[in-house]
Each structure stands twice: as structure tokens, then as C-alpha cells.
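Note sheet for the following structure.
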Amino acid sequence: MNRRQLLQGAAGAVALWNSPLLRAQNLRKLTDKISVLEAGAANVLLCSTEEGSVIVDSGPPNSALACVSVAGCDAAPVRNRTLFNTHYHLDQTGNNEEFRASGGKIVAQQRTKQWMSADVWLPDQDRYEKARPEAARPTETFLTKGSLKSGTEQIDYGYMPMAHTSGDLYVHFKTANVLAVGDVASPLHDPALDYMTGAWIGGRVDGMDILLALANDQTRIVPAYGPVMTKAELKAERDMMEELRARLFKQVREGDGPKDMLEGGVLKGLPRTWKDPEKFLYDAAKGLWAHHDKLDNNVV
């Protein structure tokens, strides 16, 4: 990098962090290079280095991030620009077109691109979600793991099979000790299990185990929604989901549906409240039956 490019990169970082759009939003600075922006209730992680910008998730459609990502990048046209999609849902990919139009690349797990490229049935809404346009789809995909470096920041990313969707990824900013985990952790919303893609409660527990192995007590863990978490908070959610998995296995073996499970008290005594417990249990039961071979010998 020559002196001119370095100065342009620094200008881009200043533009990104000093944007009035950012100041108008709920922005939390985690390090001198990394901040979390709440864009339409969803979290978007922003990292700016002397070599480029790295963003995790683009936010819901028409959120301020579309302007922020383009404005921040336009200030330094020679900089590298990378957007990670943690999964295919619209709240995490809603401004992909704007980012790609600014010249950036979009990285996702292979199955995320597959789901974005096809019409998807939404059973709770009784309709199909149309495939995303080509301009919104990832430009680069991977299967298991990958890495890149931006300035002095080492960034690793990897796959968490069937945790929240069938294409979840984490993005680990190793130098800064910040871990973006998408909707695999859910401190604010009811944990979502997109069973139509193959996600299930066992995959969610396995995904959180992957994340816990990457984290230490100082790691800042950024979910798709809600506050930044500690490793201890992630471990508590993981243990709750494991307890719930054991309870649901028993209920499914007995042939209970979501209403029976709820009335039977399957959620009682757990350290969280539920906004729509019957929907969560419906999705969890659907996912369990898709993985019935992982129950026990009493299930055929």
C-alpha cells in the first residue's frame, strides 16, 4: 500500500465512524476499529481498518446501513470492502444490493446462497418468499472454514450446520477478540429454528459448542439481535437449550404436539420468558422429527 492509498483508507474509516447516519443510530463501539450498529432492530457489525471495511450482515431492507455502507466506502474507492451474511434471512441480507453496487464482495456459506437463489416457503405466513435478485446474492461462498486479513486484523469464519438455518456462519475477529454469531445465539428473541432448511434444536446446541470453543472470558459475542454477550452468557443459553432438548425428546417420544408440550410445562423453570412459546415449540417439534434417528430406540 502506498502513502496515498493509506490516507484514503484512513479517510474512509473517519467517514464511516463520523457519519451522521451512524450517530443517529444506536451505535456501540467495541474497539477502536469495531462497532455494532443497531439497524432496524438487527445488529450489524462494522470493522474499519487501514486496508478496508468488513461488515457482518447488512440489516433489514431500507435501514440506514445501506447509506452508511455506501457512504463509508465511497470515501475511499481503492479500499477492500467485504460483507459477511451470517444466514439468508432478510433482516440480515436486506441491503446486500446496495453494498454490492458499491463494489464490495459478499461472503456466505454455500447453503445461504442456495436459499437466497430459490423461492422459500414460509409456513407461518402461508406464502412463498421470492428468490432474491442476483445483485443481492453472495459473490463468494465456502463450505467449512475460511480466513482473511484486513490490516492487522485476523478474521476467521466458519460453518455451524443446522443451528438456526442450514447455512449459519460465525465471523471471528481474532485480533480484536470479537465474535459475530448471527442468530445462533438469541438473548433477546425467542430462539428461532428454521426447520424448513433443516435447522433443529440439537444443531443449535452443537453450533453454540463451536462458538464456546472459539471464545474466552474476554470475548465480545455479537448476536443478530440484542445485547453483546459474554462467554458465560452464551454458555448459560447453551445449557438452557440442552436442558430443553432433553425435555422435548421426552415429549416427542410420547407423541405430544406443541400445545400438549406447553400445557405439560416443558418450558417451566427455564431462565427466560417466551414471546410466542407455542410457535417455538411447533418449530422445535418439526425439527426433532426431521432428526428422529437421533432420538432413541423407542422411536421408529
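Since every read-out is calculated from the coordinates, none of them should be taken as a lab result. On a predicted model such as this, the values are computed, not experimentally measured, just so you know. Methodologically, a virtual Cβ is constructed for each residue, glycine included, from the backbone with ideal geometry; neighbour enumeration extends over all protein chains shown.
So the values come out like this:
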quantity	calculated
Ranking of E98, E140 by count of other Cβ atoms within 10 Å, fewest first	E140, E98
Sequence ranges 218-226, 28-36, ranked by mean other-Cβ count within 10 angstrom, highest first	218-226, 28-36
Candidate aspartates and glutamates for bridging to K235, where Cα separation is under 13 Å - those fewer than 8 sequence places away on the same chain excluded	D206, D209, D217, E243
In Hz, Karplus ³J(HN,Hα) per residue of region 118-130 (6.51, -1.76, 1.60; θ = phi - 60°; x = Gly, Pro)	10, 5, 10, 6, 10, x, 6, 10, 6, 7, 9, 8, 5
Relative contact order (percent, whole number), region 163-218, Cα cutoff 8 Å, 6+ residue spacing	43 percent
